[in-house]
Each structure stands twice: as structure tokens, then as C-alpha cells.
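A.B. asks: Here it is, the structure in full.
The values are calculated or read from the model by the stated rules, or taken from the named source; none is laboratory data. Source: prediction; values computed, not measured. As a convention, Cβ positions derive from the backbone with ideal geometry for all residues, glycine included, and neighbour counts pool all protein chains shown.
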Amino acid sequence: MARFAALLPLAYAMGAFAQSVAYNDPNTGIDFMSYQDSKSGARFSVATPETLGSDFIGQIVAPTTEGWAGLDMSAQMASHILVVAWPNGDKVMSSLREATGYTTPPVYTGNATTTPIANGTFVNSTHFAYTFVCNGCITGEDDSFPNTVSGNAFGWAFSTDAPAAPSSEETALNMHTGFGAFAVIFANSSSASYDTWASWAEAVPAVTAPVANNGTSSSNSTVGVDTGKNTTSTTPIATTLNTTYDYIIAGAGPAGIIVAERLAESGAEVLLIERGDASTYASGGRAVESWNETVTQYDVPAMAYYLSTAEVTNEYCTDTADMAGCLLGGSSMINALMFVRPQERDFDDKWPTGWKWSDVSSSAESFYERNPGTISPSKDGQRYDQGAYDVLSSFFTSNGWSSVNALEEPNKKTDVFSHPPWNIQDGLRAGPVLTYLPLAKAKKNFHIQLNSTVIRAVRESSFVSGVEVELVDGSRQIINVKTGGKVVLAGGALSTPRILINSGIGPADQIKTVQSGSVAVTLPDQAEWIDLPVGKGLKDHPIITLKFKTKTSLSSLDTTAFTDPTQVNADLFAHGSGLLVQGGQRLNFWSSVNGTDGIERFVQGTCNSPSNDTIKIKIYLTHGLTSTGEIGVTSAGATEYITQPWLNTPEDKDALASFVDRLISFTKIANSTLTLDAGLTASSNVTGADLIKTFVTGSHFVGTAKMGTDDGRKGGDAVVDLDTKVYGTDNLFVVDASFHPDLPTGNTQAIVMVAAEAAAKKVLAVQVSGGSNSTVPTSSATSVVAVSSTAAQSSAIVATSTALSSAAVTSAPAITSAPASSATIPTTYTTNTATTSVAVPSPAYTQVPKYGRCGGNGYEGPTKCAEGSTCKYQNDWYWQCV
């Protein structure tokens, strides 16, 4: 999320954004300065008085009868007032929000309000309009802009996806399908008629409606009683399934999939639960590309930069404090593909004994054998669109920096640059969905359940007997472990804390929020709450973005080269080559700064060329930073920031500013190939301290259920022990970025997976004693309580006709390294199912078009090629009609 500590000069705000134009609204007669998005047709307009005060008139017009649109007080969007409107039948709903990041923006809690102007507010057959007075929206604080400026850059967003509960002003919002910014000069938007126009605004009665479990507020509240139990009558009755498992893993993100597959190798019965749907084509996802219907938008590496504006955007969580992926593969399916292998110091500096590099290096090698990453993903050996790399490599070399292979030399992280290390394999987005899940699915003792949200771990004192899940139809299930079984939470650093708190584990004030909230959570007795610092110690990489102009000509590709490729590029992709098998970055660099506190802080940069003769550099402050924050839960069940984790120590600010000053100094050297973009600031003397005032989240969150020996129940800061087991429990574990005690030097993707490999061994080795689950049969896993047809359609539940006894957990062999090349992965998976499973949707065709995918590991689509082409082997994962 972006943060303004102070306004930058107006030239920055005005020069970098689209300009508004005069527009007279035919329905109201109001003269606006307006911007219309050429792609969606959405229009956003502003009118102001001759003397700017605290109010203005705004208008949102959007060509949708289901989606939503918003006008933000800043181009930076996050942490500023956002006016959102959407249609609800023949009425227009509106809400003031304050975005925190790439997640549903919470309701604004300040003093600003909106009042509609009736003749400019309506819904018709093609679009809706919301015209309003924004009362008190010009605050002069960080959430808006002051009335002393001569103009402002407003942000806008638009989505064709309907809000979760359109009748509620507090509904969750899906990810936008378009966004941008436009500049308004107030001398042009002002009018002597403003007071007349503003007088047309009339307050209307607020419309509220209950919202159930969608991450927002609800009028259905639960009642807390002295015992600490939720006894609300609205709590859904959960059906207890008869099928039991040795391991239940909550969350099929990168860590969850790796742990589940490694535990399944032991022969134990493993259930992996994911709240979202399938992602890649091979996994059953069908958000296919128009130019190749055998891959989804998540498969294609070049789409990684454009997922938030793709045709399907429901993969983002709407109830987390910031951006997270809610689909199979989690955030490994929505990130920008950076695969920065951790340097040894990433473990050695702050990870505890037993988790140093010497302890985890064998796990890292096991992981890299299956998922190595690449700096040269194109099968033909070529690199495409390399103009930015050529300019930047010359720029850094001339300043004494060295070229390295980031994958082969991970410990070289000072004044070096590299071709980007990407999580790409065989021309597709890699990660555990590609490299681990097919191996797991090939085992009859592995089971996966999609579209099922884990609400809590069912806990009696220190023993966890299972989990409670909610299906998409609102019904709930209790799924139990066998005697001696284990539950592993792998929901990610922004979601695992919620499951812990819902399980009566965490700060008492947070558990009490759940107790009095609207999500209908059954808590343990208050005497059995476990007081641990869940949600505290949150860390993230802050990012600032700088633009530079090149002194020589540099051609940049248009966005459509990646989102709507030419047939030539589509054909190259079908052969595992070309522009589309690359990510969006063109060069990465690393350096470090010695802080005034004696701590060395590392810096990472990712670079590309967004337009002709322009270089964009994202600068991350990484390993060594000391800023921390905290997240908690809302009464509606979402996670939210209590304290933000970015640049809240002076040493972090100084280190980042120092590096930016150094980078700018390179541009002032004679014969430099770059100059700082003149549109960025009105002053040639801008400093790093000025530029770091605007930053965004890296969405690389760690530390919310920290691992360590300092038991949090005794005043320490650790939530889990060195086996990743939650303190105070017998059999509850956390394996995701939550338990990481520190940030790595690069993006978190690779280190999360390395740590998951190491953690799987720890979890497997723990012996569970006591806590017998006497109410659940352990001799068989063949029967299951029938669920409703709606639930059956929304949940892919696979259960086999045989199950291991609990003895399999205690006598399981040690996990061994098993590279993908040593395993046979069938292209079709057969199991004896005990419930109705969701059939994988078939493509719109029965024959595969020429150059389409027709086979390979994990592929479940049609295999017959169109006339004139034959299905031929390209690699183990990809057969193609050629």
C-alpha cells in the first residue's frame, strides 16, 4: 500500500498522470473536469467551488449493472479516502472506504461523508451513475489532500464483478479489473455555480443488510458469555464427517502443498484443504486465454504482471489485511514470479539453532531438484525484449557493479546484477502446483478439498481433534484427525493468525473480538485460551518506484504484446519459447547499506521498461530491516493492520534513503546512460529522503506466528517451537511464512518453499501422545456423511476406500529427497471416491486446435488434435498438436 508522509511537489502529481477534460453532464447540467477510461468506458468527474474548502462534487459513471467503481483522493489509492458505488437492482449503493492494499478496502472511519444528487444518480439497462457531494473529503491529512494546492491526482478503479453482498454498504469488493489516475487543475474544475449544484444534494436513509461471513461487517452479532463460548443461535450446525486423516493441512499455498506431498510420501492419509478454486489448467482451472485455450492466465509467465486487470480477478482474498491469493497455489499463483534463492545469511542471522543454513541446506537442494527456477526460460535459448537489460547492465557496470547468475551464486548480494531469476519451468509458471501437486495426486493416500475455508482448529485443551470448514454455500463440516493425528496451518502470514485466534490461541483482546463478532465461531472455554503473540512481529519489504529516462533510444513493448499477443508469439509460446514464457522484469540487482545501528541492510531492485526511453526501478528494503507491525481480526472475521510494518524505525528510513541517494548519484556522473525522470519532481535537488516518503507494500509478509525458543506464553515473542508446533498444543503446527522469524534478501517465494521442505521433516518426526479422539472411528476412512448437492458441487472432496491406522503416523519412514525426474506422474488420476467430486470442466472444444496442449504430466483435457495436426511430445509436462 502507498503511504504519503508529505505531499511531493505538484509537478509530480500532475506530470505523471492522464489529464482531465471539460465535460458537461447532460443529466445534471454540472460542469466537471472529467476522465473516461478508453477500455472500460467508465467515467470519473470532479467539480469544485471557486475557493476550495473541504467539499467537492464527484461523479462516477460505470458501464455495468453488476460491478463497482470508485474515485480515490489520491493516485496512490491506498490509505486515502475512496468513494465506491455499485448498482443494487434499480438503486445505487455507495460507501466510503480506505484501501489498505490489494484486498477489499475496509469502511472509512473518519468524518467524511457523501450526499447523492438525485438527478445524477440512477441505474439503467447499461450502466449506473452516482453523483454526489463529498462532504469533508478534502482533509489536508494523509488520507486526502490539502485545500491549498492548485490541483490533485485522483485515482480510479473499476470492476465488472459484483460485490459479495450488493445490498450492504459494507460488502466485500472483488479485485478491480481496471484502475488508473487522472489529474485535475482546480482552476479548471471550479465554478461560480458550485453552491447551486451542491444544494441539490439530499441525504437518503442508510440501507443496511446482514452480510454473512464475507469478510465485512454484519448486523448478525454473536453474544459472548462468561465461559468464553459463542452461544449464538446463528452459528451454523456443522456436519461431522466420518472420514478421518493422519494429517490435515489447512491451506494449499506453496508451503501447504509441499508439506502435504512430503507427508503423503510417508504413506499416511493426508487431506489438503484450500478455500479457493483450481488455478492452472492441469489442476482443473479454466480461466483460459483467448489465444490458447489449453492454458489459464496463471500458467502464462507473461501474464504475471497483468493478473489484477485480467478477465478473471476473483483469485484475490477479500478478507485479509493486504494482498493474498485465495486459489490453489495461493500467492505463488498471483505473484510476479521472482525466485530469489536465499543467501546463507537469510537463515544464519536470525533463525534459531536447528534452522541455520547448515541445517536446511539439504532441504533446499531437495526443493531445487524439483523446482530450480531459471534465468533463461525460453526453450530456444534466446532472451526476448532485452533493451532494458542492455541499458541497465551498462549503467551498473560503469559504476563498478558485477554481473552474476542469481541462481548459481545466491550469496553474492552486494553491488551485483543478474538476469531475473524466475519461477518458470517448461515455459509455464512453476511452483508446487506444477512440481509437487501431481506427485501427491498420484498417491491414493492423498486427498484434496477445494472451495472450503478453514474457520478454526477444533480444540479441547491442548489436543486438536480436527478442523471446522465452511463451504461456499455456507454449510459447515467438522473433519477430524485420527488418534495421534496432526493439523498443519498453512494459510499464509495474513490468514493463519485468524485461524489461530478463532481457535482460542492468541492475544485475549483479539479472541474477545471474535467472541463478540459476527462470524459465528465456537471458541474453547476462556480458561483454555492460549495467550500467545499471534499477529505480532509482522514484517514486509517496503518498495519505492523510480523512473529514469534513457539517453539513447529504447523501444518498449505495449501491454497488449503480453495480454493480447500476436500469432507469432502465441505460436512460440506453444513451443515453450518466446516473449510469453518470460516474466515482466528485465534485470535484478542487489546491494547493501551499513546502518547507523551497526546492522547491514540489503536492497533489491527489479527493473523493466514500461514505455519508450523509460526505465522503471522498484527498490526493496529487505534483509536486516528492523521495522515491524501487527495484524489482528475484525468482528466480521477479516484480518486488519493494528500497526503498519513499513519504515517505522529511523535506521530503516536512513538506509533506504541512503541507497536511493547513491543510485541518483550514478545518474549525475559524466556519460551516465540514465537521468532521473524529470516528471517525477519539480526539483533537480530531490533526495532519497524525499522519494522514500511514497512507498508500497512488497506483499512479502512474515512473522505473524513466529518460531523460536522464547515461549510466548511466558512473555516471549514465539508462537511455535522449533518443530513449528504451536506452544500449548499437542498436535497443531504452522508451516507458512507466518513462522519465519526474519525477512530474506529477496522475494519470499523461494525461502517459503525451502522452509516448508525442512518443516515437513520436523512435523513428521513429532510424536503425538494423549488426546485420543475417542469419538471418531480410526479403523476406516471409507464412509462420509452426505453433504448437500450444493456443497458437493462446490467442493472437490476425494477420499479413498482404504485408510492407514494411526500407527502409520508414528512408524512412517523419514522423508527422502525425490526429484521429479525419479517419479512417474500419471496423466490421469484414479481413486475410489467416497463422495461426489466435482468434475473438472471440459474445454469448449472436443478437439485440440493446432498448437494447443494435448497431453503431459497432470493434463486432463482432450487429446484428439484438429485435422492436420498430431499430438507430439515436447517435454514431460507438455504434449502439443503440431
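A.B. asks: Hey, residue 321 hits all of (1) buried (at least 24 other Cβ atoms within 10 Å of the Cβ); (2) not assigned by TED's automatic domain parsing to the domain that holds residue 746 but one; which does it fall short on?
C.D. replies: All conditions are met except number (2).
A.B. asks: Could you list, in sequence order, the residues of the range 130-158 that are surrounded by fewer than 22 Cβ atoms within 10 Å (Cβ to Cβ) and assigned to a strand (DSSP E or B)?
C.D. replies: Step one: of the range 130-158, the residues surrounded by fewer than 22 Cβ atoms within 10 Å (Cβ to Cβ) are 135-136, 139-143, 146-151.
Result: 135, 151.
A.B. asks: Of the residues that sit in the range 119-158 and are closer than 19 Å to residue 63 by Cα and small (Gly, Ala, Ser), which one is farthest from the chain's Cα centre (by Cα)?
C.D. replies: Of the range 119-158, the ones closer than 19 Å to residue 63 by Cα are 119-132, 155-158.
Now narrow it down to the ones that are small (Gly, Ala, Ser): 120, 125, 129, 155, 157.
Values: 120: 36, 125: 34, 129: 31, 155: 21, 157: 18 Å.
Of everything passing the filter in the range 119-158, 120 is farthest from the chain's Cα centre (by Cα).
A.B. asks: Here is a follow-up. Please count how many residues of the range 629-676 are closer than 27 Å to residue 616 by Cα and either among the polar types (S, T, N, Q) or in a strand (DSSP E or B) (or both).
C.D. replies: In the first step, residues of the range 629-676 are kept if they are closer than 27 Å to residue 616 by Cα; the result is 644-676.
Checking the rest, the ones that are also either among the polar types (S, T, N, Q) or in a strand (DSSP E or B) (or both) come to 644, 648-649, 658, 665, 667, 671-676.
Number of matching residues: 12.
A.B. asks: Right, another one. Does residue 164 fit the bill of being surrounded by fewer than 21 Cβ atoms within 10 Å (Cβ to Cβ) and within 20 Å of residue 316 (Cα to Cα)?
C.D. replies: On the way: surrounded by fewer than 21 Cβ atoms within 10 Å (Cβ to Cβ): yes; within 20 Å of residue 316 (Cα to Cα): yes.
So residue 164 fits the description; yes.
A.B. asks: Now a separate question. All but one of (1) part of a loop (DSSP other than H, G, I, E, B); (2) at pLDDT 95 or above; (3) in contact with a strand residue (DSSP E or B) (Cβ under 7 Å, 6 or more places away or on another chain); (4) within 23 Å of residue 604 (Cβ to Cβ) hold for residue 268; which doesn't?
C.D. replies: (4)
A.B. asks: Failed condition for residue 728, given (1) of a type in the set (Gly, Ala, Ser); (2) over 20 Å from residue 466 (Cα atoms); (3) surrounded by fewer than 24 Cβ atoms within 10 Å (Cβ to Cβ), with all others met?
C.D. replies: (2)
A.B. asks: OK, next. Which of the residues spanning the range 529-558 are touching a helix residue (DSSP H, G or I) at 6+ places or on another chain (Cβ under 7 Å) and surrounded by fewer than 19 Cβ atoms within 10 Å (Cβ to Cβ)?
C.D. replies: The answer is 531, 554, 555.
A.B. asks: Continuing with the same structure: Can you find even one residue in the range 613-624 that is in contact with a Lys or Arg (Cβ under 6 Å, 6 or more places away or on another chain), farther than 30 Å from residue 387 by Cα, part of a loop (DSSP other than H, G, I, E, B) and at pLDDT 95 or above?
C.D. replies: Yes, the conditions are met somewhere in the range 613-624.
A.B. asks: Spot the failing condition for residue 594; the list is (1) touching a Phe, Trp or Tyr at 6+ places or on another chain (Cβ under 9 Å); (2) surrounded by fewer than 24 Cβ atoms within 10 Å (Cβ to Cβ); (3) under 19 Å from residue 412 (Cα atoms), and only one is missed.
C.D. replies: Only one criterion in (1) touching a Phe, Trp or Tyr at 6+ places or on another chain (Cβ under 9 Å); (2) surrounded by fewer than 24 Cβ atoms within 10 Å (Cβ to Cβ); (3) under 19 Å from residue 412 (Cα atoms) is unmet by residue 594, namely (1).
A.B. asks: With respect to residue 705, is the statement that it is farther than 30 Å from residue 545 by Cβ and at pLDDT 95 or above true? Break it down into steps so the answer makes sense when it comes.
C.D. replies: Working: farther than 30 Å from residue 545 by Cβ: yes; at pLDDT 95 or above: yes.
Taking the combined requirement at face value, the residue satisfies it.
A.B. asks: Within the group 578, 504, 583, which residue is assigned by TED's automatic domain parsing to the domain that holds residue 732, in contact with a Phe, Trp or Tyr (Cβ under 8 Å, 6 or more places away or on another chain) and touching a residue at least 40 places away in the same chain (Cβ under 8 Å)?
C.D. replies: 504
A.B. asks: Could you say whether any residue in the range 307-317 is in a strand (DSSP E or B), at pLDDT below 95 and surrounded by fewer than 24 Cβ atoms within 10 Å (Cβ to Cβ)? Write out each step before concluding.
C.D. replies: Within the range 307-317, the subset in a strand (DSSP E or B) is 316.
Within this subset, residues satisfying the condition of being at pLDDT below 95 are 316.
Next, only the ones that are surrounded by fewer than 24 Cβ atoms within 10 Å (Cβ to Cβ) stay: 316.
Yes.
Table: residues versus (1) part of a strand (DSSP E or B); (2) under 23 Å from residue 728 (Cβ atoms); (3) of a type outside the set (D, E, K, R).
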residue	(1), (2), (3)
448	yes, no, yes
454	yes, yes, yes
459	yes, yes, no
474	no, no, yes
478	yes, yes, yes
483	yes, yes, yes
487	yes, yes, yes
494	no, yes, yes
500	no, yes, yes
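A.B. asks: Being at pLDDT 95 or above and either assigned by TED's automatic domain parsing to the domain that holds residue 529 or farther than 17 Å from residue 474 by Cβ (or both) is true for just one of 224, 251, 228, 178. Which residue is that?
C.D. replies: 251
A.B. asks: Consider residue 444 against the criteria (1) touching a helix residue (DSSP H, G or I) at 6+ places or on another chain (Cβ under 9 Å); (2) outside any strand (DSSP E or B): it satisfies all of them except one. Which criterion is unmet?
C.D. replies: The number of the failed condition is (1).
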